[in-house]
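Take a look at the structure below.
The values are calculated or read from the model by the stated rules, or taken from the named source; none is laboratory data. Predicted model, so just to flag it, every value in this text is computed and none were measured. As a convention, Cβ positions derive from the backbone with ideal geometry for all residues, glycine included, and neighbour counts pool all protein chains shown.
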Amino acid sequence: MKKTLCVLLVVFFASALPVAAEVQWHDGRWQLELSGSAGIHSGSSDRSGDYMLKGLVEYEVPFAPRWTLGLRALPVFVYEQDDRGEDTVWGGGAGLGLRVYSAKEEYRGWFAELGAHALGHKHRFADNNSNLNFLTSAGIGYKCKAGWHSAVRWEHISNAGIGSDNSGVNVITLGIGYAF
């Protein structure tokens, strides 16, 4: 799983670099999003009962008729660990988002997205001994003509093996945001 995650991150960022050269930065728009997540039981990690709240600031730029690249900041995220005697994890991060929209050249309607972010935080996730982790996500959503959007994502937090303990966190997330 660790090797697969690392390969996916490398492919994601490597494919985004040539795209960044094609982007017309002045055609972008800002987006704000608030999201809440519920931890799930997957593999040997039971995170049910955990929850996460985060804010996202994104500058989303079109680079092809249906495709956008987003430069993302997570100025705040809070992860509450249920019944483990662990402290609440809180911090921030930055990353990239890639979206493909159903409405050609309008960048609205149904969309699918991938995201990858680096996170720095105070305190540690249970069974994870690093204060640097990576948040990867895949999701679907809908953006209205008025700029509002909602999205559902599967998200995974892991230190990608940079720490000796690396129990991953899997959550299901619901986000609501606005573009301007």
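Scanning the range 35-50 for residues that are out of contact with any strand residue (DSSP E or B) (no Cβ under 6 Å at 6 or more places or on another chain) and hydrophobic (A, V, I, L, M, F, W, C) yields nothing.
Results for (1) assigned to a strand (DSSP E or B); (2) modelled with pLDDT under 95; (3) touching a strand residue (DSSP E or B) at 6+ places or on another chain (Cβ under 6 Å); (4) loosely packed, with under 15 Cβ neighbours inside 10 Å, shown as yes or no for each residue.
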site	(1), (2), (3), (4)
L17	no, yes, no, yes
M52	yes, no, yes, no
E58	yes, no, yes, no
F77	yes, no, yes, no
R84	no, yes, no, yes
R99	yes, no, yes, no
W110	yes, no, yes, yes
G115	yes, no, yes, no
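Considered as a group, the residues in the range 138-180 that are in contact with a helix residue (DSSP H, G or I) (Cβ under 8 Å, 6 or more places away or on another chain) and of a type in the set (G, A, S) include one that is surrounded by the most Cβ atoms within 10 Å (Cβ to Cβ), and that residue is S158. Checking each residue in the range 117-135 for being part of a strand (DSSP E or B), touching a residue at least 40 places away in the same chain (Cβ under 8 Å) and more than 12 Å from G93 (Cβ to Cβ) picks out only N128.
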